[in-house]
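The structure under discussion appears below in the form of C-alpha cells.
The values are calculated or read from the model by the stated rules, or taken from the named source; none is laboratory data. Not measured: the values here are computed from a predicted model. Every residue, glycine as well, gets a Cβ built from its backbone with ideal geometry; the counts of neighbours run over all protein chains shown.
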C-alpha cells in the first residue's frame with residue numbers, strides 16, 4: 001500500500017467499526033467512484049485520485065483535505081494559485097521553514113492571520 005492508500009484505508013475502517021455506512025462500497029458510492037477503484041486506491045495499486053475526488057473523500061472520512069492531498073503528492077489548486085503569485089518568495093519561505101519546529105510555524109500563522117506585523 002502507498003502512504004495515501006494506507007491512510008485512507010485506516011480512516012475508513014476506523015469509522016466502519018462504529019458505523020456500517022463506511023463500507024468500501026458505500027463510501028465509494030457517496031464520493032462518486034467505483035468500489036473497485038477505491039479498493040485499488042486503498043491497496044496502493046493505482047495513483048491517488050484527482051483533487052476533486054480526494055477532497056470529497058476527505059470530507060466523507062472527516063479528514064483534512066490538505067493532508068490527504070499532500071499524502072497523494074498534490075497541492076490544492078487554491079494554494080497553487082497563491083504560490084504562483086509570488087513563487088520565489090513562497091519557495092524561500094517554505095525552505096526556511098523546513099527545519100522550524102511546529103510551534104514556530106504556528107506563531108507565524110497566528111501573526112499573519114491576526115495581522116500583527
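One table, with the values for the structure above:
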read-out: Filter result for residue 11 (part of a helix (DSSP H, G or I), buried (at least 16 other Cβ atoms within 10 Å of the Cβ) and without any contact (Cβ under 8 Å) to a residue 24 or more places away in the chain); value: no
read-out: Selected residue [on the phi < 0 side of the Ramachandran plot and at pLDDT below 95] from 41, 108, 83; value: 108
read-out: Restricting the range 38-52 to residues that are in contact with a helix residue (DSSP H, G or I) (Cβ under 9 Å, 6 or more places away or on another chain), in a helix (DSSP H, G or I) and free of Cβ contacts under 8 Å to residues at least 40 places away in the same chain, the residue that is farthest from residue 26 (Cα to Cα); value: 51
read-out: Residue in the range 108-116 that is surrounded by 11 or more Cβ atoms within 10 Å (Cβ to Cβ) and over 20 Å from the mean Cα position of the chain (by Cα) present; value: yes
read-out: Residue in the range 18-37 that is at pLDDT 95 or above, under 12 Å from the mean Cα position of the chain (by Cα) and part of a helix (DSSP H, G or I) present; value: no
read-out: Whichever residue in the range 68-102 is under 11 Å from the mean Cα position of the chain (by Cα) and touching a residue at least 12 places away in the same chain (Cβ under 8 Å) and, among such residues, is surrounded by the fewest Cβ atoms within 10 Å (Cβ to Cβ); value: 73
